[in-house]
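The values are calculated or read from the model by the stated rules, or taken from the named source; none is laboratory data. Everything numeric in this text was worked out from a predicted model, so none of it was measured. No Cβ is skipped: glycine too gets one built from the backbone with ideal geometry, and neighbour counts run over all protein chains shown. Note: areas computed on protein heavy atoms with side chains; ligands, DNA, RNA excluded. Shrake-Rupley method; radii C 1.70, N 1.55, O 1.52, S 1.80 Å.
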Amino acid sequence: MLAGLKEVLEQARANKQAIAAFNVPNLEMVRAAIQAAEEVNMPVILQHAEGHSSLVPLEEIGPIMLHYAKESKVPVVVHLDHGKSYDVLMKAMKLGFTSVMIDASDRPFDENVSRTKEIVKAAHSLGVSVEAELGHVFTSSLGGGEGRAPDDDQIGETDIYTDPRQAKEFVDATGVNCLAIAFGTVHGIYLKEPKLDLQRVKEIYQAVTIPLVMHGGSGVDAEDYQTAIANGIAKINYYTYANKAGATALKEYLKEDSQEYFLEECINRSTEALKEDYVRAMKIFGGK
Ligand SMILES: [Zn+2]
């Protein structure tokens, strides 16, 4: 069933779990995400990143995401990821998305506050939840694509991490329902071992008391996920490593020579591997 982000994340906090948020720029990814969620019997967030419009336009994939969400046996949030422009954010809400992320994190603090506030006002009047970002979650030069431009040199610089006091000021001023924070994760493939500032997550959560969001949430240790969840993370954006698992399965299949290859079998093999990776991740996030 179609669900709201606020309710799903509050329940997740109460259960000491995090909900997986999967970017699903094609039908196979939508289906794999729903199958995985039903298999582990947990809510899931299907999300479309504004930056993935070159893979599929919002107008095409949005109604498909909503259809699968409504038909599902588990609560499914349909969310716009990294919404930058007012038009795209409004379009997602009009399509029936139950949640949107306004990403003005590359703007100065005051402008991030005012842009976020404007979206919160429109969204809340429609019963739509809002995620915003404070601090800078960078994108690796390998993979990613939903966040900002590659900037590997700056990865690991703590001055771009979210400041707990500023986070409180931001949340009080904007009224957002959850907050994406920077504490060492990266969009895309990790080129260096990630070093996460998990204590900072705890300090931010204590300051803001709303669910926190981890971006660049694939490729992290199981133990680090669990500490992050205990400290306040309730939504984990997980994309790149599942995407890679699907491609690896396809590569293996194509090594099985002495046969004819068919596209539908290629798609089935990669979708199955994708689903298995989603299930594995969701079990870690759900503590099962
Ligand atoms: Zn992100």
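Comparing Lys73, Lys121, Lys251 in a Gaussian network model of the chain (Cα springs below 10 Å), the most mobile by mean-square fluctuation is Lys251.
Membrane-span-like helices in the chain, defined here as complete DSSP H runs extending at least 27 Å along the helix axis by their C-alpha atoms with mean Kyte-Doolittle hydropathy no lower than -1.0, are 263-286; this is a sequence and geometry rule, not a statement about a membrane.
Within the accessible surface of the chain, defined with a 1.4 Å probe on protein heavy atoms only, the carbon and sulfur portion equals 50 percent. When you work out D = kT/(6 pi eta Rh) for the stretch 242-288 at 25 °C and 0.890 mPa s, using the Kirkwood radius from C-alpha pairs as Rh and the Stokes-Einstein form, the result is 216 µm²/s.
Each Cα pair under 8 Å and six or more residues apart adds its separation to the average, and for the chain the resulting relative contact order is 20 percent. A 1.4 Å probe, protein heavy atoms only, puts the accessible area of Glu111 near 60 Å². Largest accessible area first, the listed residues Met93, Met1 line up as Met1, Met93 when surface is computed with a 1.4 Å probe on the assembled protein chains.
In this structure the chain gives 44 Å² per residue of accessible area when probed at 1.4 Å with all protein chains present. Can you give me the solvent accessible area of Asp221 with a 1.4 Å probe, rounded to the nearest 10 Å²? Using a 1.4 Å probe on the heavy atoms, I get roughly 90 Å². Residues considered: Leu55, Leu196, Leu126. Largest GNM mean-square fluctuation over the chain, using C-alpha springs under 10 Å, is found at Leu55. Cα centroid separation, the stretch 238-264 to the stretch 12-70: 21 Å. Residue pairs exceeding 18 angstrom between C-alpha atoms, taken from Lys70/Lys94; Lys84/Lys244; Lys6/Lys195: Lys84/Lys244; Lys6/Lys195. Loop-located GluC sites (Glu not before Pro) across the stretch 186-268 with a Cβ neighbour count of 13 or fewer within 10 Å are Glu256, Glu260, with loop assigned by DSSP.
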